[in-house]
Structures are given as structure tokens and as C-alpha cells.
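Down below is the structure, laid out as C-alpha cells.
Just so it is clear, none of the values below were taken in a lab; they were calculated from the coordinates. Please read these numbers as outputs of a predicted model, since none were measured by experiment. Neighbour counts are summed over all protein chains in view; Cβ atoms, including those assigned to glycine, are modelled from backbone coordinates with ideal geometry.
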Amino acid sequence: MFRENAKNIHEKLLKENDPDVWERISHFTFEEVQDDVDLPNKTKLLSNLVCLLGMQGLEEFCLMFPVALSNVVSPIEAKEVVYQAIDYLGLGRVMPFFKVMNNILLERGVRLSLSRQATTTMDNLLEKGEETQMRLFGPQMKDFAKKELLIDG
């Protein structure tokens, strides 16, 4: 269903004035790519939001965020994607997405602020982060945040 939702919103924007490009976008984006990617729809939609954040595709994010919410992505999951982007992209690049995201959620009747999802506190943030890094990447991550990075000069 999300494929049809996404296709329809793009078709409204492009088909009448840009029929040639619409034909190619429609085929590549909504047929070829979707058929070749064997992932659950939720993963596809969350990945799409992540990519749009990374490439600063705010206008496309405005189109796809409601599609994600109308299908299998919850407001909490969608917000978490934006929260996590701050660490990788910086607040300055993510801040415009907060405004868009919150406006869309409010327009859809979602009450903000959403319930807190944090599993850490400011007091145990580094400790819990290190535990996760060690679980995912091994014991060499012990005290990684405390180690100086040596750069050959």
C-alpha cells in the first residue's frame, strides 16, 4: 500500500507538467527499485526517511513522512529516526526536519510530546553507550570514549 501512496503523491506533482520524467521516476522508483529490494515495508520506509535526512531532502521528506505514518511506521519510530540523525548530521542540518515532522504530526492529530522512550539518563549515558558498543563491536570498545585518538602526522 505504501508504494501506491508514495506513487500517487509524486504523480500529482509531476505527471501533468513533466510527463517524460514522471514516466521514468515512476518506473525506476516505484517499480524497479521496490521490486529489487527484499525488505519489510517498515524497513524500506524508515530507510527512506534516513536517506532523506542524510541528503538534506527536506521537500521529499515532507512528502514521504506522511506516507510512512499512513502505513507501518509509528510516530515514535519516525521521531527516533530524526533524533538519531543529530549525532551523525549535526543539529543544524536536522533542525528543519524537526519543524516539518512536528507540524505533520500535529496536523494528523498526534499529541506532542510523545511518551518518553529514553533508556538512559544523562548520568549513565556514557556507561550504557559503552555497554552497547562492546556488545555490538567487541571488548576492544572498553574505555574507547576515554582513549586519545592518535593521528600520524
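How would you rank 2-11, 17-26, highest first, on the average number of other Cβ atoms within 10 Å across their residues?
Ranked from most to least packed, the peptides come out as 2-11, 17-26.
Okay, helix-only estimate at 222 nm for the chain: each DSSP H run of n ≥ 4 adds -39500 (n - 2.57), divide by all residues, round to 500 deg cm²/dmol; what do you get?
Using -39500 (n - 2.57) per qualifying helix, the result is -20000 deg cm²/dmol.
Using only Cα atoms and rounding to the nearest 10 degrees, what angle (0 to 90) does helix 58-70 make with the longest principal axis of the chain?
Helix 58-70 sits at roughly 90 degrees to that axis.
Would you kindly state how much longer the chain becomes between Asn8 and Val33 on full extension, computed as 0.36 nm times their sequence separation minus their alpha carbon distance, in nm to one decimal?
Taking Asn8 through Val33 to full extension adds about 7.4 nm, to one decimal.
With a Cα-only, solvent-free Debye model of the chain, what are the log10 I(q)/I(0) values at q = 0.13, 0.14, 0.20 Å⁻¹?
-0.76, -0.85, -1.31
Taking Cα atoms, how many degrees apart are the long axis of helix 41-54 and the longest axis of the chain, rounded to 10 and kept between 0 and 90?
The answer is roughly 80 degrees.
Taking the Cβ of each residue in Met122, Met134, Met1 as the centre, tally the other Cβ atoms inside 10 Å and list the residues starting with the fewest.
Starting with the residue having the fewest Cβ neighbours, the order is Met122, Met1, Met134.
Taking 0.36 nm per residue of separation and subtracting the Cα-Cα distance, what length does fully extending Cys62 through Ser113 add?
Length difference between fully extended and current span is 16.4 nm.
Once fully extended, how much extra length lies between Met95 and Glu77, figured as 0.36 nm per residue of separation less the alpha-carbon to alpha-carbon distance?
4.7 nm
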